[in-house]
Amino acid sequence: MIKAVRGFKDVLPEDTVYWRYLEEEARTLFESFGFREIRIPVLEKLELFQRGIGSTTDIVEKEMYVFEDRNGELLALRPEATAGVARAFIENSLHMKDPVNKYYFFGPMFRHERPQAGRLRQFHQLNVEAYGVKSPSLDAEIMAMLHMLTQKLKIDDALHLEINHIGCPQCRPIYRDILINFLNNQKEKLCKDCKRRLEKNPLRVLDCKKEGCKNIASQAPQIIDYLCDQCKDYFDKTLDYLAVSEVPFVINPMIVRGLDYYTGVVFELTTDELGAQNAVAAGGRYDNLMKELGGPDIPGVGFAIGVERTVALMKKRYTLEEETPLFFFAVMGEEAKRVALPLALKLRQEGVKCEMEHSDKSLKSQMRKANKLKVRFTVIVGEDEVRKGVLTVRDMEEKKQFEIQAQISELLKLAEAAR
Ligand code: ATP
Ligand code: MG
């Protein structure tokens, strides 16, 4: 028996109903904000992620699926979408073509992490990216949209919007030096990864999940105390826009994000309900990404929602079931099938969900199946019915049985009444 790759999971029909609900709600909401769907490839050149995400990040250092293709080109399965969307933006000169540069994207991402509950190697994200404007009101609007989605999904009670500002190329280096200084004095207590991060990417130490490092991080100087006037003003305005929009949030100076392209406002949507995996969505501003990738100097802001973790929260709160068929055709014999098949086809043409038996099972076994399917009407077609040109209908809800003419109009009348 060949099994699926470790950390890669099937999503079965009892779950796809949640996925679809989430996607449909997100699609409708994002489009009402003027976001348009973009689809990008699963594979990109390795260099895109090295330059976009940053070569000293966890994702690039140890989580990517990298391989050489038959031509010797180094490729990677996308670990996230922002770098790919930025690449598509530059390559298609979208800033020249589109008056509004707001895009959303759904799809699988790949990271070679240790699989556990809520952590997979193929997982899925909903992404939102807005390019072209740097403004606190846009940042607040995007966070409000994320909050609104969680309200529509009725999971907002499980979530906290945590927000921070990680400075700009002017003020962050000053803070960085202060942080390095502080961390150097505690170096012995840091984990192996953080000792390494200290020099290259010290802000990442604040993001470490290890208890020892968390302790040290909680006493570290905080970036909001070192923001330049411009950044401070930007952050204050963003928080004010959130407040007037009635979006609940908390400031968390530990939110620094693990990807190098972030600058300015960053945020995470976290929960206490999913054990160790507490991040459901994350985002922020990436004003230097486009330029970094050789494109125009265009700012950006966006977020990514983890689909598996969102669905886990939905399932804790409510049950979604697949739509049951309205009719089930229980048929006895080939002549009966000749009557039932065209009727079933016409029903579907009218958008009515129905199921027809194709195996030659007994009536009893077919009735059991109708029960299991939870249909409203079982339409029984046997020799008698064929001879008389009728259908025996059993109303499974009212527990009544009656005959109708074997005509589509009669079935449609029943469907109409059942609606
Ligand atoms: P984490 O801290 O859990 O590793 P992250 O900061 O690496 O998350 P992002 O890169 O910000 O995650 O991705 C955004 C969202 O995608 C996360 O908030 C999470 O919901 C989801 N996500 C990230 N990695 C995984 C994974 N391996 N399996 C399932 N979902 C994931
Ligand atoms: Mg991660």
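Output the qualifying pairs, or none if there are none: Cβ atoms under 6 angstrom, residues six or more apart or on different chains, first residue in segment 304-328 and without any contact (Cβ under 8 Å) to a residue 60 or more places away in the chain, second residue assigned to a strand (DSSP E or B).
Matching pairs, first to second residue: P325/C354; P325/E355; F328/E355; F328/T378.
Consider only pairs whose beta carbons are under 6 Å apart and that are at least six residues apart or on different chains; among these, list those whose first residue lies in segment 86-103 and is over 15 Å from V133 (Cβ atoms) and without any contact (Cβ under 8 Å) to a residue 24 or more places away in the chain and whose second residue is open to solvent by 40 Å² or more (accessible area, probe 1.4 Å) and of a type in the set (A, V, I, L, M, F, W, C).
If the second residue must be open to solvent by 40 Å² or more (accessible area, probe 1.4 Å) and of a type in the set (A, V, I, L, M, F, W, C), no pairs are left.
Please return the ranges of helices (runs of 4 or more DSSP H) entirely within segment 324-407 where 2 or more residues are under 30 Å from E14 (Cβ atoms).
334-349, 363-373
Mind listing whichever residues of segment 75-117 are surrounded by fewer than 18 Cβ atoms within 10 Å (Cβ to Cβ) and within 16 Å of ligand 1 (Cβ to nearest atom)?
G107, P108, H112, E113, R114, P115, Q116, A117
Has segment 59-67 got any residue that is within 16 Å of ligand 2 (Cβ to nearest atom), over 21 Å from the mean Cα position of the chain (by Cα), loosely packed, with under 12 Cβ neighbours inside 10 Å and of a type outside the set (A, V, I, L, M, F, W, C)? I'd like the intermediate steps shown before the answer.
Taking segment 59-67 first, the residues within 16 Å of ligand 2 (Cβ to nearest atom) are 59-65.
In the following step, the residues that additionally are over 21 Å from the mean Cα position of the chain (by Cα) were identified as 60-62.
Cutting the leftovers down to loosely packed, with under 12 Cβ neighbours inside 10 Å gives us 62.
Next, only the ones that are of a type outside the set (A, V, I, L, M, F, W, C) stay: 62.
Yes.
G72 - would you say it is more than 16 Å from ligand 2 (Cβ to nearest atom), at pLDDT 95 or above and surrounded by 16 or more Cβ atoms within 10 Å (Cβ to Cβ)?
Details: more than 16 Å from ligand 2 (Cβ to nearest atom): yes; at pLDDT 95 or above: yes; surrounded by 16 or more Cβ atoms within 10 Å (Cβ to Cβ): no.
No: the conditions fail for G72.
If the Cβ limit is 6 Å and pairs must be 6+ apart or interchain, which residue in segment 401-419 that is touching a residue at least 12 places away in the same chain (Cβ under 8 Å) pairs with which residue that is surrounded by fewer than 14 Cβ atoms within 10 Å (Cβ to Cβ) and in a loop (DSSP other than H, G, I, E, B)?
A406/G389
Restricting attention to segment 140-179, which residues are in a helix (DSSP H, G or I), charged (D, E, K, R) and closer than 28 Å to Y18 by Cα? Quick ask: steps written out before the conclusion?
Taking segment 140-179 and keeping what is in a helix (DSSP H, G or I), we get 140-152, 156-158, 172-179.
Okay, now just the ones that are also charged (D, E, K, R), so 141, 152, 156-157, 172, 176-177.
E141, K152, D156, D157 - these are the residues of segment 140-179 that are in a helix (DSSP H, G or I), charged (D, E, K, R) and closer than 28 Å to Y18 by Cα.
Any idea which residue in segment 287-320 is farthest from ligand 1 (Cβ to nearest atom), counting only those that are part of a loop (DSSP other than H, G, I, E, B) and within 20 Å of the chain's Cα centre (by Cα)? Reasoning before the result, please.
Looking only at segment 287-320, we keep the residues that are part of a loop (DSSP other than H, G, I, E, B), and these are 287-288, 293-299, 318-320.
Next, only the ones that are within 20 Å of the chain's Cα centre (by Cα) stay: 318-320.
Details: Y318: 20, T319: 22, L320: 20 Å.
Per the stated criteria, the residue is T319.
The values are calculated or read from the model by the stated rules, or taken from the named source; none is laboratory data. Just so you know, these numbers come straight off a predicted model, no measurement behind them. Because the Cβ atoms are built from the backbone with ideal geometry, glycine has one as well, and the counts that use them run over all protein chains shown. Heads up: the accessible areas ignore ligands, DNA and RNA and are worked out on the full protein's heavy atoms, side chains in. Shrake-Rupley method; radii C 1.70, N 1.55, O 1.52, S 1.80 Å.
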